[in-house]
Structures are given as structure tokens and as C-alpha cells.
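Notes for the one structure printed next.
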Ligand SMILES: [Zn+2]
């Protein structure tokens, strides 16, 4: 029986690294593994990880119909599908992906963030929590500057935690751009203290 699994975590916790590692290991012994990524910021179809490994991937827009991508999977006889940035999937896309598991016997390993910068669960992740066969948190978590467990992906705009705004604004974790993200413990997310 094919399975739909969802692995989630905070930003910079090694989500893409794990997705890439899984692809790499599977592809050592088989050629029926595909990699998809949603809402790719550079639109180059490459999944990159913070520690430098990368692989080419099929880049799909959030909400885009999956018909042609599904046809391609069938043509290539794919049996394992790895998905990065699954939080950006629409609920409809997740439902369609679940049909690949149930009707086409394709094993799907989805990786994504659970919650956004306001601590609301992303729609794609919400659907995955509801219907995946297994969901598990990444074994590694990012620490807050205080050493506490990082639970919250804070969006920092001009040095201050954003408490409102669009759900998706692209920025790097740990960067120094005007808009970037920083993983904080619950206490420091609440207080807004960002450390040094
Ligand atoms: Zn803290």
C-alpha cells in the first residue's frame, strides 16, 4: 500500500536537506523517483538546501492544476514522489496528490513548514495533517538565540517582528535583508526580543 507522509518543521531546520537526501538515497538504486517543489522563489526548478546540496525539481505554482504534471509522472512510471515546500500547496492540490497515492500507488513524501509567521497553519499543511497516513516533526529543530527550542518562524521587517501582513513574503531565515525570518522560542516571539 502506498503512503502519504508529511514531515514538518520550522525554517532552517533542515527540511530541504532531508528531502534532497531522501531523493539522493532512493535514486542510488532506482530511477522512478520524482521531486516537486511549490512556490519556488527563483523559479529555476532547483531545490537547494542551506548546507549546499541541490537537485533539479519540477517547480509548480500554488493552486496551479496538476493535470500535466501528473501525466508526466505516469509517463515516467514514477513510484515515489518527494515534495518540498508542501505548505504552499493549495488544499485542492493536496487532495489531488492524495489521489496519486490511493489510485496510482505512488508513495508521497511531503516536506513543509507547519505554521506561518503569525503561527497560523498553512492551508497545504493543514490538509496534510488531516489526511496524511503519517506526519512527523523533523528530528532537528532550530534554536532560538536564547538556546530555547525554536517554535515560531518570526518575520522581521526592519528589525521588528511583524504582527500582520500577507501570509507569503519570501525572505531568508537568518538573513539581514529588510524582510527576513528568524526562528524564536514562544517566549521571545511573544516579547519580540531578537537577541543580538
Ligand atoms: Zn528564546
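For this structure, a couple of remarks:
- Lone qualifier among 156, 170 - being within 16 Å of the ligand (Cβ to nearest atom) and over 14 Å from residue 115 (Cα atoms): 156
- Taken over region 108-138, residues that are out of contact with any strand residue (DSSP E or B) (no Cβ under 9 Å at 6 or more places or on another chain) and under 12 Å from residue 9 (Cβ atoms) amount to 0.
- Count of region 175-196 residues which are on the phi > 0 side of the Ramachandran plot and either in contact with a helix residue (DSSP H, G or I) (Cβ under 9 Å, 6 or more places away or on another chain) or within 9 Å of the ligand (Cβ to nearest atom) (or both): 1
- Out of 34, 71, sole residue that is surrounded by fewer than 17 Cβ atoms within 10 Å (Cβ to Cβ), at pLDDT 95 or above and either more than 14 Å from the chain's Cα centre (by Cα) or in the same structural domain as residue 184 (by TED's automatic domain parsing) (or both): 71
- Looking only at region 118-147, and only at residues there that are within 16 Å of the ligand (Cβ to nearest atom) and modelled with pLDDT of 95 or more, the one that is surrounded by the fewest Cβ atoms within 10 Å (Cβ to Cβ): 147
- Flag for residue 107 being within 16 Å of the ligand (Cβ to nearest atom), closer than 24 Å to residue 62 by Cα and surrounded by 14 or more Cβ atoms within 10 Å (Cβ to Cβ): no
- When the strands (runs of 3 or more DSSP E) confined to region 7-71 are screened for residues that are under 22 Å from residue 133 (Cα atoms), those reaching at least 2 such residues are found at 33-38.
The values are calculated or read from the model by the stated rules, or taken from the named source; none is laboratory data. Only a predicted model underlies this, so the values are computations on that prediction, with no experimental measurement involved. Cβ: placed from backbone, ideal geometry, glycine included. Neighbour counts: every protein chain shown.
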